[in-house]
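Participant: Before anything else, here's the structure in question.
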Amino acid sequence: MTEAVARTRRPRDPEATRTVILEAACKLLAKDGPAGISLSEVALLAGVNRGTAYQHFETRERLIEETVSYVSDKLYRAVLGDPATAAQRVVEEVDMLAVTRNLARFAMDNPELCRVWMLQILAAEDPSKDIFWREYSGSIARFAQTALAQPGIDVEVFSIISLAGHILWPVWARAHSDDETTCAAQADRFAREMLRLSLHGTVRPDRAPPAVVGAVPGGDRSDT
């Protein structure tokens, strides 16, 4: 182990113990990726015995799966709020700037963890099992059916492009940010550019070659 183990009194509450183990697993996941996680290493970092870790997570694979789900829940709450209120959200009334900024800031605060999470989700056989991916891509799908949306949105492609941008942006931003104030400004900068792209795109249809305009659903609209 390269990290010092903080020995604290282990909570007697099983749910609290589980959380301690998952937090330790998150640290190792962010540091070394899935290959760096083992039940014994996580137990040592969490300050619990290995038997206790096995009581909560029978296998290493189960621990990795639950850790990714734990990260997804944290991501969901930071970006979208309480999952229990999901049914109350009206997609046309969602504050798009706030959601985009929240996601950018969470990714900046947890860059390694977010990158590992996204790679796990992209490689998953069924990404819809992940709570954040399901709601994030689902929200875009619902938005695509509203009058606010441009026609022809490929929900899956757009969701991946958007998440990839949010999660890779911290690599650049952290290299050019010296303090938390600057980091917050960088997150806001990213959020505003994402909204600008959504509202206006990057190419003027009236100046683009016909082959380019014709390749995009709705690209030949005369009111753009």
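The values are calculated or read from the model by the stated rules, or taken from the named source; none is laboratory data. These numbers were taken from a predicted model, which means no experiment stands behind them. We place every Cβ from the backbone using ideal geometry, glycine too, and count neighbours over all the protein chains shown. Each accessible area value is taken on the protein alone, full model and side chains, heavy atoms only, with ligands, DNA and RNA left out. Shrake-Rupley method; radii C 1.70, N 1.55, O 1.52, S 1.80 Å.
Participant: Which is the longest run of the chain containing none of the GluC sites (Glu not before Pro) found in DSSP loop states (not H, G, I, E, B) with at most 11 other C-beta atoms within 10 Å?
Facilitator: That would be 126-224.
Participant: Using the basic label-point model (7 angstrom from Cα toward the beta carbon), what is the Ala84 to Val203 distance in nanometres?
Facilitator: Output for this residue pair reads 4.8 nm.
Participant: Follow-up question, since we're still on this one. Ignoring ligands, DNA and RNA, please state the percent of accessible area on the chain from carbon and sulfur, probe 1.4 Å.
Facilitator: Carbon and sulfur together cover 54 percent of it.
Participant: Can you sort Lys74, Lys27 by solvent-accessible area, 1.4 Å probe, largest first?
Facilitator: Lys27, Lys74
Participant: Moving on to the next point. Tell me the mean residue ellipticity at 222 nm calculated for the chain from its helices only (DSSP H runs of n ≥ 4, each -39500 (n - 2.57), averaged over every residue, nearest 500).
Facilitator: Calculated mean residue ellipticity at 222 nm is -20500 deg cm²/dmol.
Participant: Each residue of segment 112-125 in order: what ³J(HN,Hα) in whole Hz does its phi give by Karplus 6.51 cos²θ - 1.76 cosθ + 1.60, θ = phi - 60°, with x for Gly and Pro?
Facilitator: 5, 4, 5, 5, 5, 4, 5, 4, 5, 5, 5, 8, 5, 5
Participant: Here is a follow-up. With every protein chain in place, what's the accessible area of Trp133 (1.4 Å probe, Å², nearest 10)?
Facilitator: 30
Participant: Relative contact order for the chain: what percent, with Cα pairs under 8 Å and sequence separation of 6 or more?
Facilitator: The value is 18 percent.
Participant: Further question: Taking θ = phi - 60°, what integer Hz values does the Karplus form 6.51 cos²θ - 1.76 cosθ + 1.60 yield along segment 14-23, in sequence order, with x for Gly and Pro?
Facilitator: Values, residue by residue: x, 5, 5, 4, 4, 5, 4, 5, 5, 5 Hz.
Participant: Measure off 7 Å from each Cα along the Cα-to-Cβ vector at Ala98 and Glu193, then give the distance between these two points in nanometres to one decimal.
Facilitator: Placing both labels 7 Å along Cα→Cβ, they lie 2.5 nm apart.
Participant: At 1.4 Å probe size, with every protein chain present, just tell me what the per residue accessible area of the chain comes to in Å².
Facilitator: 59
Participant: Once both axes come from the Cα atoms, what is the angle between helix 131-144 and the longest principal axis of the chain, in degrees from 0 to 90, rounded to 10?
Facilitator: 10
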